[in-house]
Amino acid sequence: MVCAYPAELTVPPSEVNAEALAGLSPEQRKARLGQALLPRVQNHQPILAVHITVLLLELSDAELLTLLENDARLEQKVEEATSELALRDETGRVRRSDD
C-alpha cells in the first residue's frame, strides 16, 4: 500500500515560481520546491518518491522549477534517480559490482 503525502504539506506547482521563491531563504526555497515536487514524483514512482525527491532537491532551484513545468523532464530525472538509488546499499554508499 502506498501512503500519499498529506495534502496540507504539499504546495501546488502553480504556486511555486521564481517570483514566489525570491523572498525565501535557501532552506525555505528547497522546502517549498520539495512540497511541490513530491506529489508529482509520486505519480511516477510512488514507493521511492520521498527518496527521489530528496535526491532531486540537490539540483538548482532553476532546474527544479523546470521539472515542475515539464513532466517529461521530471519523468526522466525520476528514472535517473531511481537508477542511482538502485546502486546504493543500505548505508547510502554506491555499491561496487564486486560487493
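The values are calculated or read from the model by the stated rules, or taken from the named source; none is laboratory data. Note that this is a predicted model, so its numbers are computed, not measured. Here the Cβ is made from the backbone with ideal geometry for all residues, glycine too, and neighbour counts use every protein chain on show.
So here's what we get for this one:
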item: Pick from segment 42-61, criterion touching a residue at least 12 places away in the same chain (Cβ under 8 Å) and over 14 Å from E84 (Cβ atoms), ranking: surrounded by the fewest Cβ atoms within 10 Å (Cβ to Cβ); result: I47
item: Qualifying residue in segment 31-38 (condition: modelled with pLDDT under 75 and either surrounded by 18 or more Cβ atoms within 10 Å (Cβ to Cβ) or out of contact with any strand residue (DSSP E or B) (no Cβ under 6 Å at 6 or more places or on another chain) (or both)); result: no
item: Residues of segment 65-84 satisfying the condition of being farther than 18 Å from L48 by Cβ, surrounded by 13 or more Cβ atoms within 10 Å (Cβ to Cβ) and of a type in the set (A, V, I, L, M, F, W, C); result: L65, L68
item: Pair list, Cβ under 6 Å, 6 or more apart: segment 16-39 residue closer than 16 Å to I52 by Cα and in contact (Cβ under 8 Å) with a residue 40 or more places away in the chain, other residue surrounded by 10 or more Cβ atoms within 10 Å (Cβ to Cβ) and not aliphatic (A, V, I, L, M); result: none
